[in-house]
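Okay, so here's the structure we're looking at.
The values are calculated or read from the model by the stated rules, or taken from the named source; none is laboratory data. All values reported here derive from a predicted model rather than from experimental measurement. Cβ coordinates were reconstructed from backbone atoms using ideal geometry, including for glycine residues, and neighbour counts include every protein chain displayed. Surface areas here come from the heavy atoms of the whole protein model, side chains and all, with no ligands, DNA or RNA. Shrake-Rupley method; radii C 1.70, N 1.55, O 1.52, S 1.80 Å.
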Amino acid sequence: MISVEGLRVEFGVKPLFRDASFVVNDRDRIALVGKNGAGKSTLMKILCGKQQPTAGTVAIPGDTTIGYLPQVMRISDDTTVIEETRKAFANTTLLKQRLDRMQQEMAERTDYDSDSYMQLVEKFTQEHDRYMLMGGEGYEAEMERTLTGLGFQRSDFHRPTKEFSGGWRMRIELAKILLQHPDVLLLDEPTNHLDIESIQWLEQFLVQSAKAVVLVSHDRAFINNVTVRTLEISCGNIIDYKVKYDEYVVLRQERREQQLRAYENQQKEIADMRAFIDRFRYQATKAVQVQQKIRQLEKIVPIEVDEVDTSALRLKFPPCMRSGDYPVICDEVAKSYGDHKVFANATFMIKRGEKVAFVGKNGEGKSTLVKCIMGEIPFDGTLKVGHNVQIGYFAQNQAQLLDEELTVFQTIDNVAKGEVRLKINDILGAFMFGGEASEKKVKVLSGGERSRLAMIKLLLEPVNLLILDEPTNHLDMASKDVLKEAIRAFDGTAIIVSHDREFLDGLVTKVYEFGGGKVKEHLGGIYDWIGTPHMFPPVGEPQNVAPPKPSPADDSAEKGSGASSYAERKELQKAIRKAEKTVKDSEKKITDMEQRIKELDTLLCQPDHASDMVLITEYTDIKKALDQENDRWMEASEQLEELQSKL
């Protein structure tokens, strides 16, 4: 559907991409990954024709339709939600108007036998058939399903769009794109403005209803659930991994280790050549060999190693005084704005050391209750912040409180204490402020960059109650891993408002659900909450669960005490021989594949082959096939044991 050949993009001395080639096929679901600044958004713009490459071709068949959702979009409209969404069906509504006019004309005319009347009837029939193929009258119901899935209430449909925040208006744009059912969907961070329920609905839609999908997302659970192929932008190259994200992470680590070995071998070879040249440069008898070494040195193509993964960096909050047993106590807390009740009767206690999540649809009161705890807004009821509680608060507006005249490095250097001062550059690198970015002044940073800097600053301050409102919105996956590990190791209490399931998984032990004007407590982690009935269950039908298969023991019990007759025994022996052959064949395949992996390891450690994509692809494919064959061998071995136990 989209064919990219020899793509090259240059903005400065170093190209963003060079000689990149890949194909987006029908029904492909692709995750586009790479560190911030690698060129993911640029590539998306090139694929949809909004930006031209320096060189190379992007071939798209003329009848292929593309739907593109950028990360940031300027939205200016003055309609209601449903009217704006209906624009997705502009062609359908125009056709409906033509049909209505033709129908009116046929009703008014009486020259039924004339050629012109017959032509009108034939044209009406053809246009009506086309209208039905385009969805006909069903598009109103489809609009309603899509808007509801993305979190809108039916009462919102006729509200003016100008009453909604930028995040909600982005949801309307996403709905319009999905309703057009394009051949290729290009989605750049589509989950940034969605809550957990809407993300789950979008996952289901993309898996079941979308055609080809290319998406950029830092939501690991989302891309794992949607995509089955990963395109990585690294060192100016685009590497194609035909696996989902979690498997890609493993393969990428293996690939990087191979690159490192090859790089180290090449560096040793270069050092040996230079030592030879320096040693014999002025000896006439060695002049020929010296010139050969110099020419060889000039021909060496440096091996590039993928960017260092900083997710292994460990941060620890500085020590702080112990808080009281219950840092937050709410008793019948309520908040209203005029006649609009946000929530009421919120009653709960958060114990010292607990990590809890506030979840629910946008607008149900999560951030409002956080502001109540912080004392920023008035409320009804009783809310107590415990003894010796020192709060570290992260919200989007925290980024506006930074000193704009300081550099990124100075901002963190001013709060870092002790050994942490030696790790400042590593910490900044982990949050995408590596290299020259650390010398930027705060006043030139984007909103997302300021948020990341405010997050780092918070991590280095001594607090015993963390309140984080959407902390992962501007973080990549490596940065989120650093933050998650820091909070997990944090001795104090944490309240986290987030829609990122992967981030919350294994981090929180209690979930507070906001919805319908109530706050409901759920014990357990985020997936425990998702798997239980709650106020607003995830949109979409539950998956059918197959009944458990009877075990071989149950099966044999039903039939009797084994193969008692001669015929049954003979059949059993035949089945055992067949199972033995399956196990033996599988063992041979495993041995052959392991041998080939050793050969490829040896080849990829050689400088000439270190970046050979044919060998790397073969290595990746064999590793995947080996894992599958090991599973088959295990299954066959267990089956053989079961059969042998019946003799």
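Taking the condition surrounded by fewer than 16 Cβ atoms within 10 Å (Cβ to Cβ) and under 26 Å from Leu47 (Cβ atoms), does Ser116 pass? Against the criterion (surrounded by fewer than 16 Cβ atoms within 10 Å (Cβ to Cβ) and under 26 Å from Leu47 (Cβ atoms)), Ser116 does not qualify.
The residue that is nearest to Leu69 (Cα to Cα), counting only those in the stretch 8-57 that are among the polar types (S, T, N, Q) and surrounded by 16 or more Cβ atoms within 10 Å (Cβ to Cβ), is Ser41. In the stretch 460-475, which residues are crowded, with 21+ Cβ neighbours inside 10 Å and under 13 Å from the mean Cα position of the chain (by Cα)? Passing the criteria: Thr472, His474, Leu475.
In summary, Pro533 fulfils each of the numbered conditions (1) modelled with pLDDT of 50 or more; (2) in a helix (DSSP H, G or I); (3) surrounded by fewer than 12 Cβ atoms within 10 Å (Cβ to Cβ) with the single exception of condition (2). Are any of the residues in the stretch 20-43 at pLDDT below 90, over 26 Å from the mean Cα position of the chain (by Cα) and charged (D, E, K, R)? The answer is no, given that none of the residues of the stretch 20-43 is at pLDDT below 90, over 26 Å from the mean Cα position of the chain (by Cα) and charged (D, E, K, R).
Being in a strand (DSSP E or B) and more than 27 Å from Leu194 (Cβ to Cβ) is the filter; apply it to the stretch 335-366 and report the residue that is least open to solvent (accessible area, probe 1.4 Å).
Applying the filter and picking the extreme gives Thr347.
Among the residues of the stretch 386-401, those identified as surrounded by 18 or more Cβ atoms within 10 Å (Cβ to Cβ) and under 19 Å from His474 (Cα atoms) are Gly392, Tyr393, Phe394, Ala395, Gln398, Ala399.
From the residues in the stretch 197-251 that are of a type in the set (A, V, I, L, M, F, W, C) and assigned to a loop (DSSP other than H, G, I, E, B), which one is most open to solvent (accessible area, probe 1.4 Å)? Walk me through how you get there before you give the answer.
From the stretch 197-251, those of a type in the set (A, V, I, L, M, F, W, C) are 199, 201-202, 205-207, 210, 212-216, 221-223, 226, 228, 231, 233, 235, 238-239, 243, 249-251; that's our starting set.
Restricting the remaining residues to those that are assigned to a loop (DSSP other than H, G, I, E, B) gives 210, 228, 235, 243.
Values: Ala210: 9, Val228: 72, Cys235: 22, Val243: 8 Å².
Ranking the qualifying residues of the stretch 197-251, first place goes to Val228.
Among the residues of the stretch 16-35, the one identified as farther than 13 Å from Pro53 by Cβ and among the polar types (S, T, N, Q) is Asn25. Of all the criteria given as (1) in contact with a Gly (Cβ under 6 Å, 6 or more places away or on another chain); (2) on the phi > 0 side of the Ramachandran plot, the one not satisfied by Gly375 is (1).
On the given criteria, is Glu419 at pLDDT 85 or above, open to solvent by 40 Å² or more (accessible area, probe 1.4 Å) and assigned to a helix (DSSP H, G or I)? So Glu419 does not fit the description; no. Screening Glu485, Glu436 for residues that are within 30 Å of Gly386 (Cα to Cα) and not β-branched (Val, Ile, Thr) leaves exactly one candidate, Glu485. All but one of (1) in contact with a Gly (Cβ under 7 Å, 6 or more places away or on another chain); (2) more than 20 Å from Asp505 (Cα to Cα); (3) of a type in the set (A, V, I, L, M, F, W, C) hold for Leu460; state the number of the condition that does not hold. Only one criterion is unmet by Leu460, namely (1).
When the stretch 65-108 is examined, which residues are found to be of a type in the set (D, E, K, R), more than 30 Å from Gly448 (Cα to Cα) and in contact with a Pro (Cβ under 9 Å, 6 or more places away or on another chain)? Step through it out loud before you land on a result.
If we filter the stretch 65-108 for residues that are of a type in the set (D, E, K, R), which is where we start, we get 74, 77-78, 83-84, 86-87, 96, 98, 100-101, 105, 108.
Those left that are additionally more than 30 Å from Gly448 (Cα to Cα): 83, 86-87, 96, 98, 100-101, 105, 108.
Listed by number, the list is empty, since nothing qualifies.
Each row is one residue, and each column tells you yes or no for (1) of a type in the set (D, E, K, R); (2) in contact with a Gly (Cβ under 9 Å, 6 or more places away or on another chain); (3) at pLDDT 90 or above; (4) open to solvent by 30 Å² or more (accessible area, probe 1.4 Å).
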{"position": "Met273", "(1), (2), (3), (4)": "no, no, no, no"}
{"position": "Arg279", "(1), (2), (3), (4)": "yes, no, no, yes"}
{"position": "Val290", "(1), (2), (3), (4)": "no, no, no, no"}
{"position": "Lys293", "(1), (2), (3), (4)": "yes, no, no, yes"}
{"position": "Lys299", "(1), (2), (3), (4)": "yes, no, no, yes"}
{"position": "Thr310", "(1), (2), (3), (4)": "no, yes, no, yes"}
{"position": "Lys316", "(1), (2), (3), (4)": "yes, no, no, yes"}
{"position": "Val328", "(1), (2), (3), (4)": "no, yes, yes, no"}
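Residues of the stretch 367-385 being touching a residue at least 24 places away in the same chain (Cβ under 8 Å), of a type outside the set (Phe, Trp, Tyr) and open to solvent by 20 Å² or more (accessible area, probe 1.4 Å), which ones? Of everything in the stretch 367-385, those that are touching a residue at least 24 places away in the same chain (Cβ under 8 Å), of a type outside the set (Phe, Trp, Tyr) and open to solvent by 20 Å² or more (accessible area, probe 1.4 Å) turn out to be Ser367, Thr368, Met374, Ile377, Asp380, Gly381, Thr382, Leu383, Lys384, Val385. Among residues of the stretch 500-523 being part of a loop (DSSP other than H, G, I, E, B) and open to solvent by 20 Å² or more (accessible area, probe 1.4 Å), the one that is farthest from Lys366 (Cα to Cα) is Gly506. Among residues of the stretch 178-196 that are without any contact (Cβ under 8 Å) to a residue 60 or more places away in the chain, none has a beta-carbon under 6 Å from a residue that is in a strand (DSSP E or B) at least six positions away or on a different chain. Filtered by the rule that a residue be within 17 Å of Leu147 (Cα to Cα) and over 25 Å from the mean Cα position of the chain (by Cα), the stretch 63-82 gives Thr79, Thr80, Val81, Ile82.
Residue-wise test of (1) of a type outside the set (S, T, N, Q); (2) assigned to a helix (DSSP H, G or I); (3) surrounded by 13 or more Cβ atoms within 10 Å (Cβ to Cβ).
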site: Asp77; (1), (2), (3): yes, no, yes
site: Lys87; (1), (2), (3): yes, yes, yes
site: Leu94; (1), (2), (3): yes, yes, no
site: Leu99; (1), (2), (3): yes, yes, yes
site: Leu120; (1), (2), (3): yes, yes, yes
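What number of residues within the stretch 54-105 satisfy the criterion of being closer than 30 Å to Gly166 by Cβ, polar (S, T, N, Q) and touching a Phe, Trp or Tyr at 6+ places or on another chain (Cβ under 9 Å)? Residues meeting the conditions: 4.
In the stretch 606-621, how many are open to solvent by less than 30 Å² (accessible area, probe 1.4 Å) and of a type outside the set (S, T, N, Q)? Walk me through it before giving the result.
Step one: list which residues in the stretch 606-621 are open to solvent by less than 30 Å² (accessible area, probe 1.4 Å), which gives 610, 615-616, 619-620.
Still in the list and also of a type outside the set (S, T, N, Q): 610, 615-616, 619.
Going through the stretch 606-621 one residue at a time, the tally reaches 4.
Which pairs turn up if I take residues in the stretch 214-235 that are of a type in the set (Phe, Trp, Tyr) and look for partners that are not in a strand (DSSP E or B) with beta carbon separation below 7 Å, at least 6 apart in sequence or on another chain? From the stretch 214-235, the pairs are Phe222/Thr191; Phe222/Ile199; Phe222/Glu203.
Here's the yes/no breakdown for (1) under 25 Å from Lys366 (Cβ atoms); (2) in contact with a His (Cβ under 9 Å, 6 or more places away or on another chain):
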residue	(1), (2)
Gln398	yes, no
Gly435	no, no
Lys440	no, no
Ile467	yes, no
Thr472	yes, yes
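Taking first residues from the stretch 138-167 that are open to solvent by less than 20 Å² (accessible area, probe 1.4 Å) and partners that are of a type in the set (Lys, Arg), the Cβ contacts under 7 Å between residues at least 6 apart in sequence or on separate chains come to Met143/Arg86; Leu150/Arg171; Gly151/Arg171; Gly151/Lys361; Thr161/Arg169.
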